[in-house]
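Structure first, commentary second.
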Amino acid sequence: MTDERQEGSEAALAALLENKQKFLGYLERRLGDRGVAEDILQDAFVKVVGRPQLAPDDEGIIPWFYRTLRNAALDHLRRRGASDRAMDAFARELERHEAAPATDLEAEICGCVTRLASTLKPEYADALQAIDVAGLPVKRYAEQQGLSSGNAAVRVFRARQALRKRVVESCGVCAEHGCRDCTCGSR
């Protein structure tokens, strides 16, 4: 790199750094989240510092950087939208596949499950109690808790995983066979 080009790159980087707060405000207004805005701005700075030749010679560094930030913000919003849609689809799938156990199976379920469920994080225990025991649909549970359907679905999914892990740790072989004819409580 020639000395003249080097000086130009340094001046351009200095101009970008001088406008850091303006860039941050621009991103925060569009994204509504200061933390995400800071992350995107930091990534953009790293890109420019690592490869200053990315900036076009025929355009000012500041307008180019705003365009770069706009594109990064749009990419983030697209990814977040896709993630939200996937979470909602997951919640709908859980609702379709939820079914309360048949009455004859309820008598067969390990008594340890109830005891172990009470040892989970309170929000997990509440989710399992409302959805799996009381039969509340995930969507209605989400509304009651002030959550999105996707977040409620993830909560109940994680609660079930945590409970499954506790049952296996506590009951061992009995858990592998569906906790039928449970003998682990008599040990």
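Full extension of the chain between ASN151 and GLU93 gives 19.5 nm of extra length, using 0.36 nm per residue less the Cα-Cα distance. The slack in the chain from ARG85 to ALA134, taken as 0.36 nm per residue of separation less the alpha-carbon distance, amounts to 14.9 nm. Between GLN144 and TYR66, the modelled label-to-label distance comes to 5.0 nm, taking each label 7 Å out from Cα in the direction of the beta carbon.
We did not get these values from a lab; they are worked out from the coordinates using the rules stated. Keep in mind the model is a prediction, meaning the values are calculated, not measured. Ideal geometry is used to build each Cβ from the backbone, glycine not excepted, and the neighbour counts take in all protein chains shown.
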